[in-house]
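Notes for the one structure printed next.
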Amino acid sequence: MLPLVHEIEAQKVEQQSSASSDSVLSDMHKVVNTAEDDRAQVNADQELLQRQYELAQLDRTSKANWEMIKKLTVCGVAFLNDAYDMFAINIVAMILGFVYYNDATGSAKNTVPKKWDTLIKIAVQIGCLLGQLIMGRLGDKIGRTTVYSAGLMIAIITTIASAFSSSMVRGFNVFIVLFIWRLLLGFGIGSDYPLTATIVSEYASVHNRGKLMAAVFSFQGFGNVLAPIVSIIVLACFAQSIDHDVRSLDYVWRIIIGVGCIPGVSTLYWRLIMTDSERFRRVNDRALGPSDESTTVDTESEKLFAQQASTGSASPAAEELPAAEEPPAAGARETVLAIPDEVRPRRAKTFVQYFSEWRHLKVLLGASIAWFSLDVAFYGINLNSSIVIGAIGFAGDIRADQPSRYIIRNCLGNIIINLLGSVPGYWISVFTIERLGRVRIQLLGFAALTVLYLILGFGYHQILDKSSGAFIFLFSLAQLFQNFGPNVTTFVIPGEVFPTRFRSTAHGISAAMGKLGAVAAQGGFFQLKDIGGKDEWINRLLQIFALFMLLGFLVTFWIPESKGKTLEEICDEREEFY
């Protein structure tokens, strides 16, 4: 009996020893796994710090030089050219009425029918929408400058083709042919929005990025003025021929459109030799996977990481990183936590993964809806500025006046309105955007436009009856706050608030939503303007525009302020990886 008891006790001791050994092994595995996780986190933070250090160095070295001036000039001319091509159609549509409907009677005389007028005005907007989406995405995949050059070549070819549009003997008339070529022209123009914004934002330094982006975009104002100036010059050259035979205007509209390719041709070479920014190349290399070079951490960034690890402080801002020329501290490598030989690289989130999170999606929605809301009014008014000018009596009588006189007066009205409100608004934004901030300017613009469109909408007929000068003043003030406000900021903000790997795509989506607003205004709302009589419903349209301005004001609160921050700080680059 006694040996049996001893045997049972021995088995119990053995089981306890085995359980204790298993527990020890389990604890050891946990310790090893925790250590591996800690080392992986160290590597991730180390890589992040190295990345921040490199990009901060780029911000420091981004100073004004001849190369930057050349790039900014090319980008500025792009928007001058785009604005000319888009808004010259106002004048061309008037001229086409004299050329093709001079023999019509009654109210149809010298006027393009509504369906054809809408078709040729909406063509570029549809093309832009497609170009912004497709070329914006390609800008992130292929490279900014490659797609940028391709877009310009498409625009040049289609501009020339548009100028030679004519009716087929059997088949499409001149308006359908013009629609097709201008649709393709819009596709080329569409590439300029996301690519110009990303190119300028990635080359500029943190302290002047907003100013440079706004300045480039403000060349659009010069394009708006250039179109009527060129039209007046060409009309003056053909004035006698036009008065003798109105069909001479057929030369005029073709020349006006054709001139639109000159700025593009003059800058094509400089676009072809442009290179992608160092920031874009480095970010793409890191996203594709770590190279031997990318896993080597220099002494300076190691020192910073050691300080951060010991103090528990957050990652330093780019401005606080030490300059490259500072000598490394003695023994810096001894202070760094141990780095394993095998580095586990951080995995970059895809576009869908990144924007599936609400904190990122709301920024994209805010930028897109704000641009959509603005362009409903912006293009609704500007593509039909001849209606406003006619309403204030500046254009004259389309059926009684000489064609050249009528068109020239309309062009002068366009110039006056643009110089009074549009052009100054652009440049006020340029000189205040780094002081006031993007979001504040956008909120101010939307608020002012909401009030002005309500005044113009509810007091439209009363103001026109009592004082055309008051109407011009209020309309010009609305033009001012369009550009010293959301027209500039809706372009600038998407170029800053998204990660470099998605910046062109996200900007293209935001811009495409704007063009969707332009299509909605031209193809939808402005088809209602003649309810109750010619132009009798314009006051209602202005009231509708006020509602869209209010919507733009509200969604602006989803957008973060980017003033004074590096591109990596704005979107928190740690959110790009998992």
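For the reader, a short list of remarks on this structure follows.
- Just one of the numbered conditions (1) within 30 Å of Val112 (Cβ to Cβ); (2) buried (at least 21 other Cβ atoms within 10 Å of the Cβ) is not true of Val488: (1).
- The set of residues from region 462-501 being aliphatic (A, V, I, L, M) and either closer than 30 Å to Asp276 by Cα or in contact (Cβ under 8 Å) with a residue 24 or more places away in the chain (or both) comprises Leu464, Ile472, Leu477, Ala478, Leu480, Val488, Val492, Ile493, Val497.
- Filter result for Ser368 (within 26 Å of Ile120 (Cα to Cα), of a type in the set (S, T, N, Q) and either surrounded by fewer than 22 Cβ atoms within 10 Å (Cβ to Cβ) or modelled with pLDDT of 90 or more (or both)): yes
- Enumeration of residues in region 99-133 that are open to solvent by 30 Å² or more (accessible area, probe 1.4 Å) and at positive phi: Gly106
- Condition check for Asp192 on (1) out of contact with any Gly (no Cβ under 9 Å at 6 or more places or on another chain); (2) closer than 20 Å to Pro486 by Cα: one failure, at (1).
- Subset of region 230-283 (residues that are open to solvent by less than 70 Å² (accessible area, probe 1.4 Å), of a type in the set (A, V, I, L, M) and farther than 20 Å from Phe164 by Cα): Ile232, Ala236, Ala239, Leu268, Met274, Val283
- Whichever residue in region 338-356 is open to solvent by less than 40 Å² (accessible area, probe 1.4 Å) and at pLDDT 75 or above and, among such residues, is farthest from Thr556 (Cα to Cα): Lys349
- Some residue of region 560-575 being over 22 Å from the mean Cα position of the chain (by Cα) and surrounded by fewer than 20 Cβ atoms within 10 Å (Cβ to Cβ): yes
- Listing of helices (runs of 4 or more DSSP H) fully contained in region 407-520 that carry 3 or more residues being β-branched (Val, Ile, Thr) and at pLDDT 90 or above: 423-436, 438-458, 486-492
The values are calculated or read from the model by the stated rules, or taken from the named source; none is laboratory data. All values reported here derive from a predicted model rather than from experimental measurement. All Cβ positions, glycine included, derive from the backbone under ideal geometry; neighbour counts span all protein chains shown. For accessibility, only protein heavy atoms count, side chains too; no ligands or nucleic acids. Shrake-Rupley method; radii C 1.70, N 1.55, O 1.52, S 1.80 Å.
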